Every structure is written in structure tokens, then in C-alpha cells.
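Novice: Can you read through this structure? Questions will come right after.
The values are calculated or read from the model by the stated rules, or taken from the named source; none is laboratory data. None of the values given here were measured: they were computed from a predicted structure. Cβ coordinates were reconstructed from backbone atoms using ideal geometry, including for glycine residues, and neighbour counts include every protein chain displayed. What goes into the accessible areas is simple: the full protein's heavy atoms, side chains included, and nothing from ligands, DNA or RNA. Shrake-Rupley method; radii C 1.70, N 1.55, O 1.52, S 1.80 Å.
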Amino acid sequence: MPEDVEMNDSAATAAAADAPAPAQSTLHHLKEIASVIEAGSLSKEVRRISRAFRLTIALRRRLAARDVAAFLAFALPPSSEAFARLAALVPKEDGSEMDVDAAAPTAQVSIKHGLPEIEIYCYLLVLIFLIDNKKYDEAKTCASASIARLKSLNRRTVDVLASRLYSYYSDVHELTNTLAEIRGTLLALHRMATLHHDELGQETLLNLLLRNYLHYNLYDQAEKLRSKAPRFEAHSNQQFCRYLFYLGKIRTIQLEYTDAKESLLQAARKAPTTAQGFRIQCNKWAIIVRLLLGEIPERTVFMQKGMKEALTPYFELTNAVRVGDLELFRSVADKFSSTFSADRTCNLIVRLRHNVIRTGLRNISISYSRISLADIAKKLRLDSENPVADAESIVAKAIRDGAIDATIDHANGWMVSKETGDVYSTNEPQIAFNSRIAFCLNMHNEAVKALRFPPNSHKEKESAEKRRERLQQEEELAKHMAEEDDDDF
Amino acid sequence: MDPKLTEVAQMFARFKAAYARNDLDACVTLLSQLKVQLTKFPSLPPLFQQAPNSVEELKLARDIYEHAVVLSVKLEDQDAFERDFCQLKPYYMDTCGIIPPSPEEYPILGLNLLRLLVQNRIAEFHTELELLPVKALEHPCIKHAVELEQSFMEGAYNRVLSARQAVPHETYVYFMDLLAKTVRDEIAGCSEKGYDSLSISDAKQMLMFSSDQELNQYITEEHPEWEIKNGSVFFQKAKESQPCKEIPSLQLINQTLSYARELERIV
């Protein structure tokens, strides 16, 4: 009767979501979650375990020490090693007995002891609780203990919880600034996850490792790991977004701007709307990459809801690049230097200088059919000992790179722009049109792929059809037999 | 003091003496012996084992590799430079807190940046740059390399060349000379596209040749398609390739077919 259980579960979920604190105590909720996990564990359904985790996150704000302690007592056998270890980490509070006693009889949930899923869940709960209460040292102990325990388990139903544990494990170390210490452990865990075919774990751990490397600006190592780690279709959208973001960052540093732009924009688009901070980061990087590519991001990018303020420095920067004014660019870079260094985009902004000059040059080349090199140097505000010679070589390089279409007359010291041809006489529009069509078609295919169906529904439908067929056949057979009977008599 | 350490220190002293009297052959043999000796210290990367005299060992090893890098520049051996630098790098990155930073750190890091620039490995250049803290960018040696890269990207080649006169460290000269050659090729490439023609004296000045003969030789070797007549260099030949007006039919057919296929899948 899988369907019935499913119904009960979703009813319980609805109840948990609809009726907040007053009706049922946090402890009661926790017990319900435990039973969801138990059901998931017994029926080997990973989806239920992930739901249990989502329910826990909803409870996160209301977790109190006594709830956690009481839940531990409820879920773990008192003699077990895990109980002793975890109970010691949760601080004791007085006056909790009454509440627990009052709640206990109403909760008619009981679970089987000794399930590894429940044990790991307890670790996770305590860890979340400790992080929320800023007890980082205890959290580290708890995380390390849980990782040690995880190493001895190999169950697909634990993987979901394990991947969450890994993230919190890395989180604690990031909060206490000791990320470098856990790199070895994470690498070992990644290897373990690969051997166990735990793809969610691999995904999570790969991201954690990339984050770890990028935290210390170790782009080289990050790229080497990324390019060698096994890739497969993403299991979790969040992890995939993170992966794309890290990938975009690596590619930006290594000057592969086109690929970087794709990854960053995709990450910004795929990220859930609630992940505001993440989307802002993606947008910041995407803006710089687009500027480096010589594109000017549209104004709407900067006006997105809730991002306007954070993106202001980048907006002014874009403006400076668009105008092609070196002086303005310099002043913007100085004005927001603290923001840029906090975002660690300083070095990228230094690279942008070259684009500012290019844009300025392009503007000049469009507006003038002939202009002296000295004027170019003045307009671009090149400040060096020999601005004319600088301008000449800069123009020459721009011509070679195809940024402007012009020739230089060295004897007279001026630049002559060639007439710009009609863009519709080239293949340009055709190419643009093609890339748009390809994008739409690709989106459609992705959407089809992303459609989810509940497992086995296909088979059940078939069996229902078959049953109807069978019934029909039986009916016909009965009719025939009846007719034959009639004939006999 | 540990006898092994003393032995290596003595050998290193001999190496330095050989280096001081410019006996490069002796330096190379001593260096390879030193490297073999270093493998016997457990406190060095990648093991980082705690030992009572690990600080001395690390310092000595770092010193040896720093000299190895400088020696490789002197020998004008870029591969050896890369090898030695890779060995040296962990001492700069992973030993903070164990031994004090070396005064040679930034000059050598700057030298490596310059090498990457010369070899046109710009992506690696930027990856290395990201590893440096903000205050390192203020250091003249690092700043030199960063500004060079910027001028190089912009196309302000004369700034690159004038930077040769203002090298922050004597070891930089070798790479700056290499860079000058790269710059000449770049300028030649740009001029070809940027100008219709140049007078010989201008071309000579721009490509940094002291005599017409050198210019002629360069043109015949590197750019035989350039034409010299009436005291000017004409680049026109390279420009003759007009954009063809043909319709890219094969590509269009392929695209249309793929649309049809995709649409069929949808309907």
C-alpha cells in the first residue's frame, strides 16, 4: 500500500507546515520527522529523507536546547556511544522536564532504535543547533565525530543526510577560518563518495573543495581538481548552481571570458530567488566578465529587485567603461576600492582598463573619419611621457584585433577610419538569429528533461490498463460460456 | 647541530663561493648534489614533519632553491627556472607561521610573472597574480610585472620597452630582452594591419633596428610578403584578402536541417 503511506506523509507535512508552534511542540515535530526518516529508511526512498531534512530546516529557528536533548533521549538508545557523545554537547537547561512530560503522551510516535539514518540525523540536528547558537568549538567536535561515523556507513538512504553534514562541517570551519585544515578530509570523503557511487555526496564535496580552494585563491588547484573529477548529471539544483558559480570564477581568472559568462549567467538564473546573496555575487561577476568581453550589460541587470544597492559600484563602473573615459574609470575604481577588494574583483578591474581604452577608441573611430593621433591621446587622456607614440601603437593593436576598422597615416600622424559597411549585408544577423533559435530550442529540451514523474506511475498505469483489459476478456469469456450453456440446454 | 644539516650547509657555502666567482659549471654540479641531500630532510614539503630543527632545515632549503632559480636565469634555462620555481613555491605559500618570509620572495615571484608573460601564458600569469596579497602588489618587482602586462595588453609597446631601462632587479634583464623580441613581433603584426606603408626610417625606428640592413634581414626572414620600394615598406599584399561575398550554403543547410529536426521533436 505505498500510496496510502504517501498520503499520510503528505498530510503530516501539510499539518506541520500549516500549524505552527502553539498547536504542537517542536519536540513533537522532531518525532514526526524521525518517523518520516524511519519510513524512508525502511522503504529505501531517498525522497522521504530529503523531505525530512527540509522539515528540519523549517524548524531551525525554534530549536531549543531542551527539545534537542529530549529528542536525543527519544531517538537514540541511552547506552549507545552516539547518545553519550551528543548529549554531552547539548547544554543542559533547567525546568524542561514538565514540558517534555506533557508533550510525550500526546505524541504517539515511536521509532525503532538503532537505525543509522536516525543516528546520523541526530548528529545533523545537534550540529545545526550548535552552529545556530554560535558554539563553534563544540560544533567542530560534533562534525568531526559525525564524519568519522559516516566513514563506516555505506547506505544510499544516508547519503542525503551525509551531504548536508559535509556542508555544515565545512561551514563551521569556514566560520572559524580553519578551512585549510579540512582539505585532506574532504578529499578523502570525495574519494569515498566516488567509490560508493554516492553522486549527491560527490557533487556536494566537489563544491566544498572548490570553495575551499577559491577561499585561498588557489585557482590552479581548483581547476585541476574540477577538470579531473567525475561529472554526471546534477542531482541537486543548489549544488549545480554553486558549481557553475565556481566554474565561472575559475574561468574568469583564466581569461576564458565567453565560457565564464555562460556559467555565471546560468548560475544567476538557476539560483532560487531566496538565495539573494548568491545571486548578487553571480551578477557582480557576470557584469565584470561581460565588460571584459566588451559587452555593456543592460540597465535592467542593475535594477533587479533587492540588488540595486549592492550593484551600484558596478553600475558606475559599467558607465565609465561605456563612456570610455579613463579618468572617470579611475575615480570610480578608487571610490569603491573597498567594495571591490571585499568582492575580490580588484585584479579584474585592473584588467578592465584596457577595455575602457578600446571603447573610447571605438567611439572616436565612429565619430571621426580622420583624427590626429595627438587628439586621440588627449581624448583618451593617456598620461605618459610620449602620448602620441602610445596612441599610435594602441590604435595599431586595436586595428589588428579588429576592434576598429581604420588605417594609420604615420607621415601625417593621423588615423583614417574606414566607412562602416551595412551590417545587414554581412552574415552577422544570420549568426545572431541562429544563436537565438538554438537557445530557445535548447531551453525547450532542457524543460522536457526537467519534467519529473513520480516513480512507478508509468508501470501502475500500465497495470491498470491491463487489469481493465483482463476484466473485459473475462467478461467476454463468461458471456461466451453462458451462451454455450444456453446452447447446450 | 644535526650533522646532516651541517653537511648541507657546508656544501651550500661551497656553492655560494662558486657562484660568487661565477663558476657556473661547479654551481650546477653542487646544486644537483644539494637537491639530493635535501630529500633526506623530513620536515620539508610535502611531508612537513615536526622536527627539532625543522626551522633551520626549511630556511636552508628555501635559500638553496632561491639560488637555484637565480642560477637558472643566469644559465638562461627557462625549463630549469620553471622546475626550480615549482619546488620553491611551497616554501612561500605553505610555510607561513613556521619560518619568517624571505626578502627574496617578491623579486622571485615577480620574475616568475615576467617569465609567464614572456612565454605568453597569460592565464597562468593571472592565476599567480590572484595568489598574491594586496600589499604584495605594491612591491616594485611585482608592480613592474603587472604594469608590463597591462601595457602589453593595451598595445602601448614603447612603454614596455622603456620599462627595460628601469628593471627593479638585475636578474630581470634576461627576461626583458626576451620580451623585447616578443614586442617586436607584435609591433610588426600590428603595423602590417594598421598601415598601408611606412618609410624605411620610420619602420626602422618602430621595430627598434639600428641599421637598414638589420631591417632588411628581419623582413626577409619573418615577413617575406612585405615589399620594399621607393624608400618605403609596403604591407599591402597582406591586405588583399577581401572578405568573400559567397553565401555560406553548407552551414545554412546544416542549421535549417537541425531546426527541422528539433521542431519535429516538439511536434
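Novice: Within the range A:246-342, list the trypsin sites (Lys or Arg not before Pro) lying in a DSSP loop whose Cβ has at most 13 other Cβ atoms in a 10 Å radius.
Specialist: On the way: sites: A:Lys249, A:Arg251, A:Lys261, A:Arg269, A:Lys270, A:Arg279, A:Lys284, A:Arg290, A:Arg299, A:Lys305, A:Lys308, A:Arg322, A:Arg330, A:Lys335; in loops: A:Lys305.
For trypsin sites (Lys or Arg not before Pro) across the range A:246-342 that sit outside H, G, I, E and B with at most 13 neighbouring Cβ atoms in 10 Å, the list reads A:Lys305.
Novice: List the residues, sorted by chain then number, that are 5 or more residues from B:Tyr195 or on another chain and whose placed amide H is less than 5 Å from its amide H.
Specialist: For B:Tyr195, whose amide H was placed from the backbone, the distant partners under 5 Å are A:Ile408.
Novice: Something else about it: Run the numbers on chain A and let me know its relative contact order in percent, using alpha-carbon pairs under 8 Å that are six or more apart. Working shown, then result.
Specialist: Numbers: 443 pairs, mean separation 32.9, N = 489.
About 7 percent, as a whole number.
Novice: Given the DSSP H assignment, sum -39500 (n - 2.57) over each helix run of at least 4 residues in the protein assembly as shown and divide by its residue total; what's the result at 222 nm in deg cm²/dmol, nearest 500?
Specialist: Values: 37 runs with 531 residues, N = 756.
Dividing the helical sum by the residues of the protein assembly as shown leaves -23000 deg cm²/dmol.
Novice: Over what distance in Å are the Cα centres of the range A:138-191 and the range B:66-121 separated?
Specialist: Each part reduced to its Cα centre gives a spacing of 36 Å.
Novice: Excluding same-chain residues fewer than 8 positions from A:Lys284, which lysines have a Cα within less than 21 Å of its Cα?
Specialist: Cross-link targets: A:Lys249, A:Lys261, A:Lys270, A:Lys305, A:Lys308, A:Lys335.
Novice: Considering every residue in B:128-137, what mean count of other chain Cβ atoms within 10 Å of its Cβ is obtained? Spell out each step's value before the answer.
Specialist: Working: counts 3, 6, 13, 5, 2, 1, 5, 0, 0, 3.
What the average comes to for B:128-137 is 4.
Novice: To continue, here is another question. At most 15 other C-beta atoms within 10 Å and a DSSP loop state: those are the exposed GluC sites (Glu not before Pro) I care about. Give me the longest piece of chain B that has none.
Specialist: Working: sites that count: B:Glu76, B:Glu170, B:Glu225, B:Glu240, B:Glu246.
In short, B:77-169.
Novice: May I pose another question? Among B:Met176, B:Phe125, B:Pro248, which residue has its Cα positioned farthest towards the positive end of the charge dipole of the protein assembly as shown, with +1 placed on the Cβ of Lys and Arg, -1 on the Cβ of Asp and Glu, and the dipole taken about the Cα centre?
Specialist: B:Met176
Novice: I've got another one for you. So, in Å, what gap is there between the alpha-carbon centers of the range B:171-187 and the range A:242-259?
Specialist: Each part's Cα centre sits 31 Å from the other's.
Novice: Within the accessible area of the range B:98-200, what % is carbon and sulfur when the probe is 1.4 Å and the other protein chains stay in place? Please report the intermediate quantities before stating the final value.
Specialist: Details: 2190 of 3840 Å².
In the range B:98-200, the share of accessible area belonging to carbon and sulfur is 57 percent.
Novice: Taking a ≥ b ≥ c as the square roots of the eigenvalues of the Cα gyration tensor of the range A:368-420, is the shape rounded (a/c under 1.5), prolate (a/b larger than b/c) or oblate?
Specialist: Values: a/c = 1.77, a/b = 1.47, b/c = 1.20.
Because a/c hits 1.5 or more and a/b exceeds b/c, the range A:368-420 counts as prolate.
Novice: Next question. Given a 1.4 angstrom probe, I'd like the percentage of the accessible area of the range A:368-420 that is carbon and sulfur, rounded to a whole number. Spell out each step's value before the answer.
Specialist: Numbers: 1200 of 2680 Å².
So the carbon and sulfur contribution to the accessible surface is 45 percent.
Novice: What angle, in degrees between 0 and 90 and rounded to the nearest 10, separates the Cα long axis of helix A:2-18 from the longest principal axis of the Cα atoms of chain A?
Specialist: The answer is roughly 60 degrees.
Novice: To the nearest 20 debye, what charge dipole does chain B have about its Cα centre, counting +1 at the Cβ of each Lys and Arg and -1 at the Cβ of each Asp and Glu?
Specialist: Magnitude of the dipole: close to 320 debye.
Novice: Report D for chain A in µm² per second (integer): Stokes-Einstein, Kirkwood Rh on Cα pairs, 25 °C, 0.890 mPa s.
Specialist: Values: Rh = 27.7 Å.
Using the Kirkwood radius from Cα pairs, D works out to 88 µm²/s.
Novice: Mind checking the angle between helix B:105-118 and chain B's longest principal axis? C-alpha axes, 0 to 90 degrees, to the nearest 10.
Specialist: 30 degrees
Novice: If you don't mind, there's one more thing I want to ask. Using only Cα atoms, figure out Rg for the range B:52-91 and give it as a multiple of 2.2 N^0.38 Å. Before the final figure, lay out the partial values.
Specialist: On the way: Rg = 11.1 Å, N = 40, 2.2 N^0.38 = 8.9 Å.
The reported ratio for this selection is 1.24.
Novice: Report the normalised scattering of the range A:25-73 as log10 I(q)/I(0) at q = 0.13, 0.30 Å⁻¹, calculated by the Debye formula with identical scatterers on the alpha carbons.
Specialist: -0.29, -1.08
Novice: While we're here: Using only protein heavy atoms and a 1.4 Å probe, report how much of A:Lys479 is accessible, in Å² to the nearest 10.
Specialist: Here the residue's solvent-accessible area equals roughly 120 Å².
Novice: Sticking with this structure for a sec: Solvent-accessible area of A:Cys142, probe 1.4 Å, all protein chains present, reported in Å² to the nearest ten, please.
Specialist: The accessible area comes out at roughly 0 Å².
Novice: Compute the long axis of helix B:3-20 from its Cα atoms, compare it with the longest principal axis of the Cα atoms of chain B, and write down the angle in degrees, 0 to 90, nearest 10.
Specialist: 50 degrees
Novice: So with the 1.4 Å probe, I'd like the accessible area per residue for chain A, rounded to whole Å². List each step's numbers first, then the result.
Specialist: Numbers: 26150 Å² over 489 residues.
Heavy-atom SASA per residue in chain A reads 53 Å².
Novice: Moving to a separate point now. Using a Cα-Cα cut-off of under 16 Å, which lysines could be cross-linked to A:Lys31, ignoring same-chain neighbours fewer than 8 residues away?
Specialist: A:Lys112
Novice: List the accessible area buried at the contact between A and B, summed over both sides and calculated with a 1.4 Å probe, in Å² to the nearest 100.
Specialist: Roughly 3400 Å² of accessible surface disappears when A and B pair.
Novice: How many Cβ atoms of partner chains, on average, are near each residue of A:213-223 if near means within 10 Å of its Cβ? Before the final figure, lay out each step's value.
Specialist: On the way: counts 0, 1, 0, 3, 7, 4, 8, 6, 1, 1, 2.
Counting Cβ atoms of other protein chains within 10 Å of each residue's Cβ and averaging gives 3.
Novice: Further question: Of A:Thr300, A:Tyr216, A:Asn347, which is farthest along the charge dipole of chain A in the positive direction, counting Lys and Arg as +1 and Asp and Glu as -1 at C-beta?
Specialist: Final value for the positive-end residue is A:Asn347.
Novice: Once you average over the residues of B:186-193, how many Cβ atoms of partner chains fall within 10 Å of each Cβ?
Specialist: On the way: counts 4, 3, 0, 3, 11, 7, 3, 10.
Average neighbour count from other chains, rounded to a whole number: 5.
Novice: The range B:107-127: which residues show an accessible-area loss of 20 Å² or more, assembly versus chain alone, 1.4 Å probe?
Specialist: Flagged in the range B:107-127: B:Ala123, B:His126, B:Thr127.
Novice: Quick one, what does Rg over Rh come out to for the range B:145-228 if you take C-alpha atoms and the Kirkwood Rh?
Specialist: Values: Rg = 13.7 Å, Rh = 13.8 Å.
With Rg and the Kirkwood Rh in hand, the quotient comes to 1.00.
Novice: Hey, another quick one. Quick check on the range B:3-194: take the gyration tensor over C-alpha atoms, sort the square-rooted eigenvalues as a ≥ b ≥ c, and tell me if it's rounded (a/c under 1.5), prolate or oblate.
Specialist: prolate
Novice: While we're here: With every protein chain kept in place and ligands, DNA and RNA left out, what is the accessible area per residue of the range B:3-194? Probe 1.4 Å, answer in Å². All intermediate terms of the calculation are to be shown ahead of the outcome.
Specialist: On the way: 8490 Å² over 192 residues.
Ligands and nucleic acids excluded, the result is 44 Å² per residue.
Novice: Within straight cross-link reach of B:Lys193, meaning Cα distance under 25 Å, which lysines are found once same-chain residues fewer than 8 apart are removed?
Specialist: A:Lys378, A:Lys379, A:Lys397, A:Lys418, B:Lys181, B:Lys204, B:Lys229, B:Lys237, B:Lys239, B:Lys245
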